[in-house]
């Protein structure tokens, strides 16, 4: 979609002057659902950390591989929390390559991302978009579309892709994930990606400073903190690893220094 046609997909009330994390992410991926303020912030960040577009693309590639794996395991229900804008390989398209009847509920707290998503998914009877906040799990789990997805009978794949690092420590991110885990049907799964502070410690402070300018500040965490999100889940091989190390499409896709793309990822299954 050419950028000059933004009026066809952007609600009239959207603030075009303030950077938005979902649209910045879209820009890193090479998408068209972003504005000049988003591109300006992304370019400033890339001046300090040129690998950022590669990190975001690796994150999206992990999402694709994780959804493909889960669909291959028989999952047909997906709950994508912190979904942003479902562009460039969204969950519903990837899942339906293997499971044509896959149902997806996208959840985001950002009204801009929700509005964009609703316009993009208009007419898709198997996908819905919910405006709710991960930090209020009871309210999130009470949304009718979420309630319907979690009905007993089939397991649900919970996707927390690049969202928990936007939850500050004081909000109790591990307790939030436990609350979601306890609401899942037996046999459900968790796929998670989280910004890691150990792989590139030199970039932690400047990157967090950049995101402090947006409405979604960033908290990068270490390996042990991220591993705790999988309490109660059995990690599937290869466990909690860097972005390119999780079931790569080709062995040479990992590269000699996977820590250069410092996101830790994993998929876990509930008994």
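We did not get these values from a lab; they are worked out from the coordinates using the rules stated. What you see is a predicted model, and the numbers here were worked out from it, not measured in a lab. Cβ: placed from backbone, ideal geometry, glycine included. Neighbour counts: every protein chain shown.
Name the shape class, rounded, prolate or oblate, that the alpha-carbon gyration tensor gives for segment 127-271, where a ≥ b ≥ c are the square roots of its eigenvalues, rounded holds for a/c under 1.5, and otherwise prolate holds if a/b is larger than b/c and oblate otherwise. Judged from the Cα gyration tensor, segment 127-271 comes out oblate (a/c at least 1.5, b/c at or above a/b). DSSP assigns beta bridges within the chain; of those with both partners inside it, close to 35 percent run antiparallel. Ordered by the number of other Cβ atoms lying within 10 Å of each residue's own Cβ, fewest first, 117, 128, 188 fall into the sequence 128, 188, 117.
Which residues in segment 72-108 have a backbone N closer than 19 Å to a point placed 7 Å from the Cα of residue 118 along the Cα-to-Cβ line? Correct set: 80-87, 104-108. Summarising the label geometry, the points placed 7 Å from Cα in the beta-carbon direction at residue 231 and residue 147 lie 2.9 nm from one another. Sorted on the mean count of surrounding Cβ atoms within 10 Å across their residues, most packed first, peptides 142-148, 179-185, 251-257 read 179-185, 142-148, 251-257. Taking other C-beta atoms within 10 angstrom as a stand-in for reagent exposure, 92, 116 fall in the order 92, 116, fewest first.
When each of 121, 79 is scored by the number of other beta-carbon atoms lying within 10 Å, the sequence from fewest to most is 121, 79.
Distance distribution P(r), the chain, all Cα-Cα pairs, bin width 5 angstrom from 0: 1, 6, 13, 18, 20, 19, 13, 7, 2, 0 percent. The stretch between residue 247 and residue 139, if pulled fully straight at 0.36 nm per residue, gains 35.4 nm over its current Cα-Cα span. Annotation for residue 39 and residue 182: the two label points, set 7 Å from Cα along the Cα-Cβ direction, are 4.8 nm apart. Calculated [222 nm] ellipticity per residue, helices only, for the chain: -10000 deg cm²/dmol; basis is -39500 (n - 2.57) per DSSP H run with n ≥ 4, divided by all residues, nearest 500. When the Gaussian network model of the chain links Cα atoms closer than 10 Å, the mean-square fluctuations of 74, 30, 123 top out at 123. Remark: spin-label model distance residue 154-residue 88 equals 2.9 nm, labels positioned 7 Å along the Cα→Cβ axis.
Highest mobility in the GNM of the chain, judged by mean-square fluctuation with C-alpha springs under 10 Å and restricted to 40, 60, 103, is found for 40.
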